[in-house]
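Single-structure report; data block below.
What follows draws every value from the coordinates through simple rules; no lab data is involved. Note that the structure is a prediction, hence the values are computed from the model and not measured. When we count neighbours, we look across all protein chains shown, and the Cβ atoms used for this are built from the backbone with ideal geometry, even at glycine.
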């Protein structure tokens with residue numbers, strides 16, 4: 001009897017101990033690690049507000065051309081042109097094309113080196129500008145492809161404005177205020193007899209005119225470079 005009692009008591013104690021000391025749970029398998037949350041980089045500062053007019057001088061192998069750029073009327077186009085000026089990409093570039101028309105024509109130059117991204121088209125309907133004598137305008141192929149080339153008009157070239165013949169036209173953004181006679185010299189330069197597949201026969205200068213320097217001359221400063229965190 002006593003033996004049965006002891007066995008029963010031991011059974012009760014064992015059950016109590018087993019209830020107090022459960023086997024530890026198996027460690028949980030690690031799940032897929034979550035990607036680290038990277039801090040959102042700061043937004044770049046807004047583009048600088050351009051002066052209503054910025055004056056740039058192009059010193060060429062034929063003489064100086066001074067141009068007023070209308071930043072209030074054509075902010076995107078002017079900012080793009082000044083980016084090439086401030087980065088020195090017009091130094092050593094050439095006026096290589098002279099397209100003559102019965103009432104004038106235009107000359108065309110292209111910046112050196114790497115092109116910046118193309119810009120949105122600011123038509124003359126948007127800016128209120130027109131391709132009159134001495135107007136500087138963006139060269140382009142399709143709308144939205146203008147980047148590093150420009151033309152300067154001689155005489156009335158208003159057919160280049162946005163209108164019924166061409167709803168987009170070309171993007172005028174400034175005007176020559178000094179040196180239009182230099183532009184005319186370039187336009188009347190000797191044309192090469194070489195043939196071109198582009199259809200520009202009779203428009204390519206035999207001796208391109210070099211831009212020796214291009215700089216702001218009104219005291220305005222280029223925008224500070226945008227820095228981004230590493």
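Extension gain for the segment residue 221 to residue 103, taken as residue separation times 0.36 nm less the Cα-Cα distance, is 38.7 nm to one decimal.
For segment 80-157, rounded, prolate or oblate, judged on the Cα gyration tensor with a ≥ b ≥ c (square roots of eigenvalues), a/c < 1.5 rounded, else prolate if a/b > b/c? Each step should come with its number before you reach the end.
Working: a/c = 2.02, a/b = 1.28, b/c = 1.57.
Because a/c hits 1.5 or more and a/b fails to exceed b/c, segment 80-157 counts as oblate.
For segment 53-216, the gyration tensor built on C-alpha atoms gives a rounded shape. Its axis ratio a/c (a ≥ b ≥ c) stays under 1.5.
With a ≥ b ≥ c taken as the square roots of the eigenvalues of the C-alpha gyration tensor of segment 142-204, please select rounded if a/c is under 1.5 and otherwise prolate if a/b is larger than b/c or oblate if it is not?
Numbers: a/c = 1.88, a/b = 1.15, b/c = 1.63.
Verdict is oblate for segment 142-204.
Extension gain, residue 188 to residue 201, is 3.2 nm, computed as 0.36 nm per intervening residue step minus the present C-alpha separation.
Applying 1/(1 + (r/R0)^6) with R0 = 25 Å to the Cβ-Cβ distance of residue 64 and residue 142 gives a FRET efficiency near 0.15. Given their separation in residues at 0.36 nm each and the Cα-Cα distance between them, residue 212 and residue 158 gain 16.5 nm when the chain is fully extended.
Contact order normalised by length for segment 53-216, with contacts defined as Cα pairs under 8 Å and 6 or more residues apart; what percent is it? Don't skip to the end; give the middle numbers.
Numbers: 397 pairs, mean separation 55.0, N = 164.
Relative CO of segment 53-216 lands at 34 percent.
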